[in-house]
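Every number here is computed from the coordinates shown, using simple stated rules; none is lab data. Since the model is a prediction, treat every value here as computed from it, not as a measurement. Here the Cβ is made from the backbone with ideal geometry for all residues, glycine too, and neighbour counts use every protein chain on show.
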Amino acid sequence: MRDIPNPRLTGLGSGLFCTAVMTVLGFLDALLFGGSLTVYGVLFLPVCVLTACWVHRGDLLTAPVVVPIAFAAGLVTVTDGGTGLGDRLMGLVTALATEAGWLYGGTLIAGAIVITRRVRLVRRRTAPSAPSARTAPSARIPRAGRSAQSVQSARSPQSPQAGRGPRAARNPQAARGRPTT
């Protein structure tokens, strides 16, 4: 079984991808369905998902921005309008007003996917530092029967304060022989 393609598009690439696909889908909608705005809106949603999933992680915030632009660019091919520029513009504004639900829905889907990907990315970046924040077993509070000196001697030799006494553990400058102020 083949894997699903996993391209990574830059911010500009995702804008061009989304705009090109919506324009082609608009032409196909006009050709096959007579310019049905509902069909165009339904086809807009998977394009939003693909754009949000395929954008590079460094350009995540561009996906919710380019999706509405692509919707408007492709909508030009679907709208009814006369032969003049004013008639075409009036048809575009009317279609944007009547199909705002699809536009908002697609933008919301793209935004939710991008936020989810961003949260996962941040968690993955901070995950390696979490285990190092834990204290080593030998540096814990001494249990009954263990003296503080045996805990001190159990410290690893890699530690810069190992074997330099309790003052060095509290003040790293004193451990290096620098005077404290």
Can you tell me the Rg and the Dmax, both Å, for the Cα atoms in the range 1-57?
12.9, 38
Which net charge results when you count Lys and Arg as +1 and Asp and Glu as -1 among the other residues whose beta-carbon is under 15 Å from that of residue 33?
-3
Assuming R0 = 22 Å, can you tell me the calculated FRET efficiency for the pair residue 115 and residue 20, based on Cβ-Cβ distance, to the nearest 0.05?
0.30
Please give me, ordered by residue number, the chymotrypsin sites (Phe, Trp or Tyr not before Pro) of the range 1-89 that lie in loop per DSSP and have at most 16 other Cβ atoms within 10 Å.
none
For residue 52, net neighbour charge (Lys/Arg +1, Asp/Glu -1) across residues whose Cβ lies under 15 Å away
+4
Which loop trypsin sites (Lys or Arg not before Pro) in the range 1-73, with loop taken from DSSP, have no more than 13 other Cβ atoms within 10 angstrom of their Cβ?
2, 8
